[in-house]
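Readers should treat all values here as calculations from the given coordinates under stated rules, not as data from a laboratory. Keep in mind that this is a model prediction, so the values were computed, not measured. A quick note on method: Cβ atoms are made from the backbone with ideal geometry, for glycine too, and the neighbour counts reach across all protein chains shown.
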Amino acid sequence: MQRKWGTSLVSTLVVSGMLLSACNADKPGAGQDASTPKAKDGNSVSADGFPIVKEPIKLKMFTRIAPVNGPFKDMPVFQDFEKKSNIKVEFIEAPTDGFQEKKNLLFASNELPDALYRSGIGPLEAIRYGTGGQLIPLEDLIDKYAPNIKKLMAQYPEIRSAITTPEGHIYAIPGIVTLAAARTDKKWINQAWLKKLNLQIPETTDELYEVLKAFRDKDPNGNGKADEIPMTARASAGAGLGLPLINMMSGSFGLDQQFGYAINLDKDKVQIWMGSDRNKEMLMYLNKLYKEKLLDSEVFSHKEGQYLAKQGSGNTGFFFDQTNNNFMTLTDQYTGIAPPKGPFGDQMQSQTAPVPRDFGAFAITPVNKQPEATMRWIDYFYSDEGSTLLRFGREGEHFDMKNGIPYYKEEFLKSGNQSKITPYAGGGAPHLISEKVASFINPPQVQEAQKKLDPYMPKIRYAAPMFDEPTAQKINVLRNDIDKYYDEQSTKFIAGAISFDKWGEFQATLKKMKVDELQQLYQDAYDNLKKQK
């Protein structure tokens with residue numbers, strides 16, 4: 001009997017960022033038993049080659065669809081792979097805005113699809129829904145039906161340890177990113193405005209403040225109106241990730257994000273910094289920007305599509321994003337910069353995603369009658385061939401190969417339809433991202449922007465621990481309240497809705513919410529990691 005769960009805020013933690021090399025696994029099914037096992041309905045599942053199943057089957061998958069995407073059914077990757085695999089996928093699409101709530105409702109109602117694709121399942125969700133019987137263990141399926149994933153995990157054991165529960169189960173598969181430029185949001189500044197106003201690239205937070213004031217006051221777009229947006233950021237990063245604005249600026253104030261959380265490590269001591277003086281300094285700085293209209297007044301409310309449109313408008317001075325896709329027609333207008341040095345001399349790119357960047361990108365539910373075929377289906381996208389199809393579409397129509405690297409055709413680039421043909425656009429798709437398939441998100445401009453960040457990247461990015469179920473439940477309860485309170489209060493501090501005279505009350509409330517107990521749970525996890533080395 002399947003267990004039903006109520007809706008709750010589930011914290012999304014990230015896994016470790018140890019650098020991987022690209023994995024060459026072009027032949028799906030290589031090294032597997034040549035036998036043809038039977039799926040639950042008797043349909044043969046090929047352990048090697050294509051089609052995956054002899055008789056066509058249909059799967060339902062719940063997925064997130066980004067504002068830039070077209071319908072998944074129209075994407076060539078799924079049309080072509082249906083013919084190749086004999087598996088048709090019907091996608092149940094939920095928009096990025098409100099996706100977490102819809103996902104929570106899906107599990108609460110127990111009306112499950114066959115699989116969750118691009119689903120952003122966090123470690124606590126994996127533990128909760130896996131032990132509750134709403135996600136199935138995948139380790140045996142990976143061993144028998146996922147040669148590409150298996151090869152990656154064998155070559156880089158940290159992947160397996162990052163997604164395996166203490167009980168030895170894997171309930172969700174991550175996206176795997178071997179390219180550093182695909183794991184960071186760059187800091188983009190309007191160099192055309194800097195040049196017009198005879199300004200230098202800001203190197204400190206104080207210099208950034210002065211540049212933003214010039215963007216506000218000196219009409220850099222030349223239209224005679226005070227309509228420039230000096231600085232903006234995403235409004236939301238989803239449950240558990242906090243405010244993107246804070247994530248982007250925390251490194252300038254010495255605030256790291258170890259274990260995918262607001263955590264600094266100092267001499268093997270875990271410190272949750274939410275109530276720290278450094279955090280107060282950062283929030284006071286952001287409050288100054290907001291109060292003086294240097295920070296977008298819609299930074300806490302605009303939708304994802306609106307944020308992307310602001311990038312493409314050319315009317316924004318400073319913002320954050322992984323690549324330059326959203327301002328392709330204005331690439332000369334922007335350049336990437338290093339993290340500004342903060343008031344205490346800190347200069348760190350604290351917002352850095354791990355190599356298994358998109359934890360819980362894919363999972364299978366117990367209603368699925370074809371789990372073997374489903375695992376073979378998803379494994380294809382962890383090969384160079386599958387990843388190229390997913391990201392670039394059809395060779396000759398959408399892209400050409402140059403020295404073994406796919407590049408979009410010029411006429412297709414001019415059409416502006418790149419984000420319509422791939423579920424990668426908008427992030428979070430389960431597949432392998434290596435230099436071999438990253439020409440579009442890693443063009444020279446992005447490579448240069450990444451070089452500005454490289455000296456300030458963390459040497460060690462620890463994984464979000466996979467806790468046992470009782471500990472995971474404790475953390476879920478604690479973070480459900482603490483994360484919500486921190487995000488709400490941080491927003492109010494930045495927007496000026498509450499005075500910093502209330503900082504002591506804020507700290508006291510965090511203690512009442514048992515932030516010290518939460519800190520100790522992470523300390524215990526870190527101590528266990530040290531013992532294992």
Estimated 222 nm signal from helices in the chain, with DSSP H stretches of n ≥ 4 weighted -39500 (n - 2.57), rounded to 500: -11000 deg cm²/dmol
Mean Cα-pair separation over length for the chain, i.e. relative contact order, pairs under 8 Å, 6 or more apart, %: 27 percent
Net lengthening on full extension, D266/E448 (0.36 nm per residue, minus Cα-Cα): 62.4 nm
For the range 267-374, convex hull of alpha carbons as volume per residue, Å³: 241 Å³
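Take the residue pairs K196/K451; K103/K484; K186/K303 and return only those whose Cα atoms are more than 23 Å apart.
In this structure, K196/K451 exceed 23 Å between Cα atoms.
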Label-point separation in nm, E210 to I460, each point 7 Å along Cα→Cβ: 3.9 nm
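Could you work out the relative contact order of the range 129-243, using alpha carbon pairs under 8 angstrom and six or more residues apart, expressed as a whole percent?
Numbers: 62 pairs, mean separation 15.4, N = 115.
Answer for the range 129-243 is 13 percent.
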Tail fraction, Cα-Cα pairs, the chain, threshold 43 Å, whole percent: 17 percent
Net length gained if the chain between K512 and Q333 were fully extended (0.36 nm per residue, minus Cα distance): 59.6 nm
Among the listed pairs K60/K414; K288/K452; K187/K291; K60/K84; K187/K267; K144/K474, those beyond 28 Å (Cα-Cα): K60/K414; K187/K267; K144/K474
Candidates per GluC sites (Glu not before Pro) in the range 168-214, loop by DSSP, up to 14 other Cβ within 10 Å: E203
Additional length obtainable on full extension of the chain from L529 to K58, 0.36 nm per residue less Cα span: 165.3 nm
Descending semi-axes in whole angstrom, ellipsoid equivalent of the range 309-422, from the Cα gyration tensor: 33, 24, 14
15 Å reach of a label modelled at Q79, 7 Å along Cα-to-Cβ, counting backbone N of the range 408-450: 417-423
Listed peptides 117-128, 307-318, 405-416 by packing density, highest first (mean Cβ within 10 Å): 117-128, 307-318, 405-416
Protection-proxy order for peptides 380-391, 256-267, 84-95, each taking the mean of Cβ atoms within 10 Å per residue, highest first: 380-391, 256-267, 84-95
